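This report concerns only the one structure given below.
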Amino acid sequence: MGLARKIYYFLPPTLRFWLRRLVYLPHDIWSGFTKKYPYPVPPKGLIYTGGGDFVAQGQKIIDIVQALDGDYLQADSRVLDIGSGIGRFALPLTQVLGPNGYYQGFDVVKMGVDWCQKHVSPTYPQFHFDYIPLKNDLYRSAGKEAATFRFPYESDTFDLAVSNSVFTHMPPAEVENYIKELARVLASGGACYATFFILNNEVEQLLKTNTRFNFPYDYGHYRLMDKKVVGANVAYRENYLQELVQQYGLEIKHTFYGHWSGRPENECKDFQDILIISKP
Ligand SMILES: C[S@@+](CC[C@H](N)C(=O)[O-])C[C@H]1O[C@@H](n2cnc3c(N)ncnc32)[C@H](O)[C@@H]1O
């Protein structure tokens, strides 16, 4: 793990927030005068959910889902965003979901949920954001246990669920509970777009020479990037994930491997691995 990443994980979440705010302040003041999108986009200093092109990454999720065979995303779909962050997926989705659609996001970081409630819901009232104070050692130090959390939504409701870069920050007991909840709240025929870091034989070989992004702490069915901050990044063995989804009556319909482990970038859809998990 690089020194910069190590220092970043070492900082408490509040300090990380203010540091980011400060570093991006000049950029944010400048871009305040140059609005480019048909929907609001948070200033860079508030985007606590990772680097890269925020708008392009959100749009990419939509493009991948719409290219699947299956009508998972239509103007009137019911969509659940597990770990909705500061709206990366919700914002471009405002251009797809019509007034008869329904979007429900939830997250453990109040700032991101507040921003979305303030900037998205008034213009797009079919978009709802819930703040749920669960514990996650990368994003907030206190809160209730995600491993026993019941999603506050009706069973058999959602046509599409998205969990982008969220299971990559959760230990096994939490992922197991979320897959169980996902199986409950998805409608029959619905699907989930979920990203992971997936370990298999090919990846184990690639990781032997990957010094940039690795998971040195091996616990059998999962590996950690940082022993002290479990939520920093978690990778799961492929057979463990396959058995987990089957256990709750779900199916992996597609696997799109990412380039995080060292696969050629031009052969991958994204950095993280993407699973399309369906409910028959
Ligand atoms: C890398 S960010 C990705 C956010 C968003 N999905 C996106 O693509 O921008 C990870 C998100 O997971 C959220 N998170 C962490 N633990 C969670 C949990 N147990 N339930 C829901 N969200 C959680 C964090 O607060 C953070 O917003």
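Any residue at all in the range 241-256 that is within 13 Å of the ligand (Cβ to nearest atom), under 11 Å from Ile277 (Cβ atoms), in contact (Cβ under 8 Å) with a residue 40 or more places away in the chain and aliphatic (A, V, I, L, M)?
Initial filter on the range 241-256 (within 13 Å of the ligand (Cβ to nearest atom)): none.
For the range 241-256, residues within 13 Å of the ligand (Cβ to nearest atom), under 11 Å from Ile277 (Cβ atoms), in contact (Cβ under 8 Å) with a residue 40 or more places away in the chain and aliphatic (A, V, I, L, M): absent.
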* Structure fact -> (1) assigned to a strand (DSSP E or B); (2) touching a helix residue (DSSP H, G or I) at 6+ places or on another chain (Cβ under 6 Å) all hold for Arg223 apart from (2)
* Structure fact -> Result of the Cβ filter at 6 Å on the range 161-181, keeping first residues that are more than 25 Å from Asp63 (Cα to Cα) and partners that are more than 7 Å from the ligand (Cβ to nearest atom) and in a helix (DSSP H, G or I), at least 6 apart or interchain, is Pro171/Val230; Ala173/Ala147; Glu174/Ala147; Val175/Phe167; Asn177/Ala147
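I need the full set of residues from the range 256-280 which are over 13 Å from the mean Cα position of the chain (by Cα) and outside any loop (DSSP other than H, G, I, E, B), in order please.
Pass one, the range 256-280, residues over 13 Å from the mean Cα position of the chain (by Cα): 256-269, 276-280.
Within the range 256-280, Phe256, Glu265, Asn266, Glu267, Ile276, Ile277, Ser278 meet the criteria.
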* Asked: What are the residues in the range 83-96 that are of a type in the set (A, V, I, L, M, F, W, C) and surrounded by fewer than 22 Cβ atoms within 10 Å (Cβ to Cβ), if any?
  -> Val96
* Got a sec? Which of Gly190, Gly143 is more than 16 Å from the chain's Cα centre (by Cα) and either without any contact (Cβ under 8 Å) to a residue 24 or more places away in the chain or within 30 Å of Arg16 (Cα to Cα) (or both)? -> Gly143
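Can you list the helices (runs of 4 or more DSSP H) found entirely within the range 7-75 that contain at least 3 residues being over 21 Å from Lys118 (Cβ atoms) and hydrophobic (A, V, I, L, M, F, W, C)?
Numbers: elements: 13-23, 25-31, 54-67.
Correct list: 13-23, 54-67.
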* Tabulated pairs, the range 86-105, first over 20 Å from Gly51 (Cα atoms), second among the acidic types (Asp, Glu), C-beta under 6 angstrom, 6+ apart or interchain -> Asn100/Asp76; Gly101/Asp76; Gly105/Asp81
* Structure fact -> Condition set in contact with a strand residue (DSSP E or B) (Cβ under 6 Å, 6 or more places away or on another chain) and outside any strand (DSSP E or B), scope the range 231-240, selection nearest to the ligand (Cβ to nearest atom): answer is Gly231
* Among the residues of the range 58-67, which ones are near the ligand (Cβ under 10 Å from one of its atoms) and in contact (Cβ under 8 Å) with a residue 40 or more places away in the chain? -> Ile61
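Looking at Phe17, is it within 15 Å of the chain's Cα centre (by Cα) and of a type in the set (Phe, Trp, Tyr)? It would help to see each step written out before you state the result.
Numbers: within 15 Å of the chain's Cα centre (by Cα): no; of a type in the set (Phe, Trp, Tyr): yes.
Answer is no for this residue.
Every number here is computed from the coordinates shown, using simple stated rules; none is lab data. Every value quoted in this text rests on a predicted model; they were computed, and no experiment measured them. Glycine gets a Cβ as well: all are built from the backbone with ideal geometry, and neighbour counts include every protein chain shown.
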